[in-house]
Structure formats: C-alpha cells, structure tokens
Amino acid sequence: MTIAYITHSTCSLHEMGEGHPEAPARLAAIGDELLSSGLEFALRRYDAPAATREQLQRVHDRAFVDRLFALSPADGLYWLDPDTAMNPHTLEAAVHAAGAVVQAVDLVLGGQAECAFCAVRPPGHHAGRAAAGGFCFFNNVAVGAAHALVEHGLERLAIVDFDVHHGNGTEEIFCDEPRVLFCSAFQHPFYPHSDAVAPTSQVLKTPLDAGAGSRTFRERIRGEWLEPLAAFRPQLLLISAGFDGHWQDEVADLNLNERDYAWLTRKLREIAQRHAGGRVVSVLEGGYALPALARSVAAHLQAMLH
C-alpha cells in the first residue's frame with residue numbers, strides 16, 4: 001500500500017518572520033526524515049491544486065474569504081493578530097493547503113489511494129467561519145470534509161484532532177452538523193482557551209492537564225473516543241495531525257512521544273478499516289521542534305501503512 005503525499009511548493013514560501021515557530025523548515029525536516037527512513041519510497045507524491053472560492057465558502061463566510069484575498073500584501077508582512085501574519089506568498093500557500101485536502105479526499109474516495117497525508121502549511125484548525133488566527137487562515141481539514149459531504153455525498157465522516165491546541169475553528173464549523181463527528185484532544189487550559197465542555201453530541205472533547213503523559217493520553221483516548229467513533233461508523237476518517245504535544249516541543253507540556261502518535265494512528269486506522277474501507281486523510285497542523293516533528297510524522301505514516 002502506498003500513501004498519497006500531497007504538498008505544494010508555495011507552502012515553503014509562506015513565512016511570518018525570523019524566529020516564528022511556524023516556519024518553512026518544518027516541511028524540510030519532514031522531507032529529510034522521510035528520505036532517511038526509507039518511507040519516501042512508500043509515498044506517491046502529488047502537487048496540491050488551489051482550492052476554489054466555492055470550496056472555501058462552504059466553510060467560511062464569503063466576506064471573510066474576500067477580506068483575506070484583499071489583505072494579501074505585495075511586500076512585507078501584514079499581521080492579522082500578534083501570532084499570525086501574511087507575506088506575499090501566504091494567500092497562495094493557504095489556498096493550496098486547503099486544495100491539498102480536497103485532492104486527498106478525491107483520491108481516497110475515488111479509490112486511487114487508501115490513505116493520504118497533506119504536508120501543508122499554513123495549518124488550519126483554528127480558522128473559523130469568519131476568523132483567522134493561531135497561525136491559521138483557511139480551515140484545511142474543514143474544506144476537505146465539506147467537499148466529501150457535498151461532492152461525494154457522504155452521510156458520515158469523522159474528524160480527529162490531536163494537536164496540543166484545541167481545534168476551535170473546526171468545532172465551530174461542524175458542531176451542528178449531524179454528518180460529522182469531531183474529536184479533539186488538547187492541553188487545557190491553553191490556547192485558544194476554548195470551553196472544555198462539549199456543546200453537542202457531535203463533539204467529543206478530551207481536555208488534558210499539563211504533564212498528562214503517555215499513559216493518561218492513551219487511557220483517555222481509549223475510554224472516550226474509540227467506542228463512539230466505532231458506533232458512528234464513519235465512511236471517511238480525517239485527521240488534524242498536530243505533533244506539538246511531543247515532550248521535546250517547547251510550546252506545550254503534554255509530554256507525549258512519537259510512539260503515542262503511532263499508537264493512536266493504528267487505533268484510528270483500525271476503525272477506518274472496519275467502517276470506511278480503510279480510508280484516511282491526514283492533514284499536518286502543529287509541531288515545532290523539528291527533529292521531534294519529523295520523527296512523529298514518520299511514525300504516523302509508518303502506522304498508516306500497517
């Protein structure tokens with residue numbers, strides 16, 4: 001089995017200034033690790049297309065999309081918030097990052113690949129219907145999920161988010177959508193300081209204390225996610241794959257390691273094999289300690305293969 005690996009050159013041109021953790025070196029580190037580990041030979045590479053306005057506006061307000069297009073600077077940086085800036089390449093990178101997930105959904109649901117990984121930046125899961133922030137502009141995984149619902153007619157899909165930060169944008173977009181089950185594990189209280197109480201039956205939140213570690217992480221996931229996910233019987237499983245909970249990543253304190261990400265990936269893959277024909281689309285979110293990020297992505301992809 002090969003994994004569709006989708007990226008685009010502009011994803012390495014988006015920069016938010018020297019010292020910013022969400023940097024082009026993230027993708028370079030992943031690429032180097034895949035080559036040195038031999039995983040490169042299990043991948044089929046694709047260049048991501050640009051998402052269309054129609055695809056973006058299924059999950060974002062038209063005025064918000066228009067505003068981001070209008071704010072794209074000709075030079076320098078335009079700051080949307082203290083952490084999130086656009087350079088002259090950001091808009092194109094963001095549109096291709098969202099388009100990567102659309103392409104991944106088409107490949108997986110069209111039978112051309114069983115699994116896909118979107119190695120894209122900027123990330124997306126903090127982007128809501130009308131708000132960017134947290135390094136995010138368009139909600140990549142949400143754009144792909146909406147495409148699966150509208151163009152492929154799926155009746156049930158699950159989005160699993162294991163970034164150390166709560167996927168508040170994805171939750172906002174889909175919290176009232178009965179065809180989508182959203183599961184999010186995250187450090188709490190922590191950015192974006194989202195409420196830890198699940199507002200609907202379609203949202204499973206697993207807030208974790210700082211220092212939770214591998215045992216607590218696995219126990220909570222096993223006890224809170226696996227049975228509801230299996231009962232939901234998703235026809236497609238999408239993953240917001242954030243690796244910033246790793247113990248070497250200084251942005252947070254969950255104390256996870258790459259074996260935890262491999263374990264969770266295997267559990268999700270088992271659910272996908274039982275209910276979704278094995279179909280999994282994974283999308284890169286966070287992860288800023290470069291060696292840890294690279295090893296974690298490799299472990300995630302290795303677990304997808306088995």
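In the stretch 211-253, which residue that is of a type in the set (Gly, Ala, Ser) and assigned to a loop (DSSP other than H, G, I, E, B) is nearest to VAL180 (Cα to Cα)?
GLY242
Okay, residues lined up against (1) touching a Phe, Trp or Tyr at 6+ places or on another chain (Cβ under 7 Å); (2) under 14 Å from HIS125 (Cβ atoms); (3) modelled with pLDDT of 95 or more:
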{"position": "ASN140", "(1), (2), (3)": "no, yes, yes"}
{"position": "GLY153", "(1), (2), (3)": "no, no, yes"}
{"position": "ARG156", "(1), (2), (3)": "yes, no, yes"}
{"position": "GLY167", "(1), (2), (3)": "no, yes, yes"}
{"position": "GLU172", "(1), (2), (3)": "no, yes, yes"}
{"position": "ASP176", "(1), (2), (3)": "no, no, no"}
{"position": "PHE186", "(1), (2), (3)": "no, yes, yes"}
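Can you work out which of the residues in the stretch 240-269 that are aromatic (Phe, Trp, Tyr) and closer than 17 Å to HIS125 by Cβ is surrounded by the most Cβ atoms within 10 Å (Cβ to Cβ)?
Looking at the filtered set, the residue picked out is PHE243.
Somewhere in the stretch 29-45, is a residue at pLDDT 95 or above and on the phi > 0 side of the Ramachandran plot?
yes
Which residue, of ARG62, ARG53, is in contact with a helix residue (DSSP H, G or I) (Cβ under 7 Å, 6 or more places away or on another chain), more than 22 Å from ASP163 (Cβ to Cβ) and not aromatic (Phe, Trp, Tyr)?
ARG53
Let me confirm something: among GLY111, GLY124, which residue is without any contact (Cβ under 8 Å) to a residue 24 or more places away in the chain and under 30 Å from GLU40 (Cα atoms)?
Going through GLY111, GLY124 in turn, the sole match is GLY111.
Among the residues of the stretch 71-103 satisfying the criterion of being of a type in the set (Gly, Ala, Ser) and outside any helix (DSSP H, G or I), which is farthest from LEU149 (Cα to Cα)?
Among them, the one singled out is GLY76.
Looking at GLY144, GLY134, which one is more than 21 Å from LEU268 (Cα to Cα) and surrounded by 23 or more Cβ atoms within 10 Å (Cβ to Cβ)?
GLY134
Go through (1) more than 30 Å from ALA299 (Cβ to Cβ); (2) in contact with a helix residue (DSSP H, G or I) (Cβ under 6 Å, 6 or more places away or on another chain); (3) touching a residue at least 60 places away in the same chain (Cβ under 8 Å) for ILE30 and report which single condition fails.
(1)
Can you say whether VAL297 is in a helix (DSSP H, G or I), within 17 Å of the chain's Cα centre (by Cα), surrounded by 17 or more Cβ atoms within 10 Å (Cβ to Cβ) and not aromatic (Phe, Trp, Tyr), as far as the supplied structure shows?
So VAL297 passes the test.
Checking SER184 against (1) under 29 Å from GLY111 (Cβ atoms); (2) among the polar types (S, T, N, Q); (3) surrounded by 24 or more Cβ atoms within 10 Å (Cβ to Cβ), only one condition comes out false. Which one?
(1)
Looking at TYR288, TYR261, can you tell me which residue is under 27 Å from PHE135 (Cβ atoms) and assigned to a helix (DSSP H, G or I)?
TYR261
For the stretch 104-126, which positions are in a helix (DSSP H, G or I), of a type outside the set (D, E, K, R) and surrounded by fewer than 24 Cβ atoms within 10 Å (Cβ to Cβ)?
Matches in the stretch 104-126: LEU107, LEU109.
Since LEU154 meets every condition but one in (1) in contact (Cβ under 8 Å) with a residue 60 or more places away in the chain; (2) buried (at least 24 other Cβ atoms within 10 Å of the Cβ); (3) of a type in the set (A, V, I, L, M), which condition does it not meet?
(2)
For the stretch 43-70, what are the residues that are assigned to a helix (DSSP H, G or I), under 21 Å from HIS152 (Cα atoms) and without any contact (Cβ under 8 Å) to a residue 24 or more places away in the chain?
Across the stretch 43-70, the qualifying residues are ARG53, GLU54.
Within the stretch 174-191, count every residue that is over 17 Å from the mean Cα position of the chain (by Cα), without any contact (Cβ under 8 Å) to a residue 60 or more places away in the chain and within 22 Å of ASP260 (Cβ to Cβ).
Adding up the residues that qualify gives 2.
The values are calculated or read from the model by the stated rules, or taken from the named source; none is laboratory data. Since this is a predicted model, take the numbers as computed values, not measurements. Quick reminder, even Gly has a Cβ in these numbers, built from the backbone with ideal geometry, and neighbours come from all protein chains shown.
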